[in-house]
Amino acid sequence: MDKETADKQRGMIRRCTIRNVRDDGETQRCSVEVAAGIWRDDVEVMQPYGFASSVPEDGALAIVLAVGGDEGDLVVLPVGNPSKRMGGMQPGDVGLYNAHGDKMVMKAGGAVEMASGASISLKSASGHLE
């Protein structure tokens, strides 16, 4: 493989730092640092269906993908923040969490565990809970 082709391939998928997250439109968008001092703005953040988050920017990392090899058409794959990550999961567990330690874990065995530093509110459209 020649150097030009190798450089293009390396540029298609990169680790990036996230800043300026905006969650006010149809899609979440942000600025990404794709190389030291090189920023791209207004990049779409892909999020899995049924899940939404706005990552704390202090250490937010992601993978950015140049769609079709076009560095002008970037998308950010789901974002993580290692300093805020909830650990201790067991195989089959699913968890939701935030930067403040609030969490919900759906355990593989069927139990649901919830923890909040403030309060837990449950609401239903019908007005009653079971």
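Within the stretch 105-130, being assigned to a loop (DSSP other than H, G, I, E, B), of a type outside the set (Ser, Thr, Tyr), exposed (fewer than 10 other Cβ atoms within 10 Å of the Cβ) and on the phi < 0 side of the Ramachandran plot holds for GLY109, ALA111, GLY117, ALA118, ILE120, LEU122, LYS123, ALA125, HIS128, LEU129, GLU130. Restricted to the stretch 27-36, and to residues there that are assigned to a strand (DSSP E or B) and more than 14 Å from the chain's Cα centre (by Cα), the residue that is surrounded by the fewest Cβ atoms within 10 Å (Cβ to Cβ) is ALA35. In this structure, LYS107 does not qualify as in contact with a Leu (Cβ under 7 Å, 6 or more places away or on another chain), touching a residue at least 12 places away in the same chain (Cβ under 8 Å) and farther than 29 Å from GLN9 by Cα. Evaluated against (1) surrounded by 13 or more Cβ atoms within 10 Å (Cβ to Cβ); (2) assigned to a strand (DSSP E or B); (3) without any contact (Cβ under 8 Å) to a residue 60 or more places away in the chain, SER54 falls short on exactly one condition, (2).
Considered as a group, the residues in the stretch 57-75 that are in a loop (DSSP other than H, G, I, E, B) and open to solvent by less than 60 Å² (accessible area, probe 1.4 Å) include one that is nearest to MET12 (Cα to Cα), and that residue is ALA60.
Scan the stretch 79-97 for residues that are of a type outside the set (Ser, Thr, Tyr) and either at pLDDT 90 or above or open to solvent by 80 Å² or more (accessible area, probe 1.4 Å) (or both) and jot them down.
PRO82, ARG85, GLN90, PRO91, GLY92, ASP93, VAL94, GLY95, LEU96
Have a look at LYS8, LYS3 and point out the one that is of a type in the set (D, E, K, R), at pLDDT below 90, touching a helix residue (DSSP H, G or I) at 6+ places or on another chain (Cβ under 8 Å) and at negative phi. Give the steps one after another, and end with the answer.
Details: LYS3 fails: touching a helix residue (DSSP H, G or I) at 6+ places or on another chain (Cβ under 8 Å).
Going through LYS8, LYS3 in turn, just one is of a type in the set (D, E, K, R), at pLDDT below 90, touching a helix residue (DSSP H, G or I) at 6+ places or on another chain (Cβ under 8 Å) and at negative phi: LYS8.
Of the residues making up the stretch 60-73, not one is at positive phi and within 12 Å of the chain's Cα centre (by Cα).
Confirm whether ASP24 is loosely packed, with under 15 Cβ neighbours inside 10 Å and part of a strand (DSSP E or B). Steps first, please.
Details: loosely packed, with under 15 Cβ neighbours inside 10 Å: yes; part of a strand (DSSP E or B): no.
Answer is no for this residue.
Residue pairs whose Cβ atoms lie under 7 Å apart, sitting 6 or more positions apart in sequence or on different chains, and linking a residue in the stretch 38-50 that is more than 17 Å from ARG19 (Cβ to Cβ) to a partner that is part of a loop (DSSP other than H, G, I, E, B), are MET46/LEU77; MET46/PRO78; GLN47/PRO78; PRO48/PRO78.
The values are calculated or read from the model by the stated rules, or taken from the named source; none is laboratory data. Predicted model only: the values in this text are computed from it and were never measured. Note that we place each Cβ from the backbone using ideal geometry, even for glycine, and neighbour counts take in every protein chain shown. Ligands, DNA and RNA are excluded from the accessible area calculation, which covers all protein heavy atoms including side chains. Shrake-Rupley method; radii C 1.70, N 1.55, O 1.52, S 1.80 Å.
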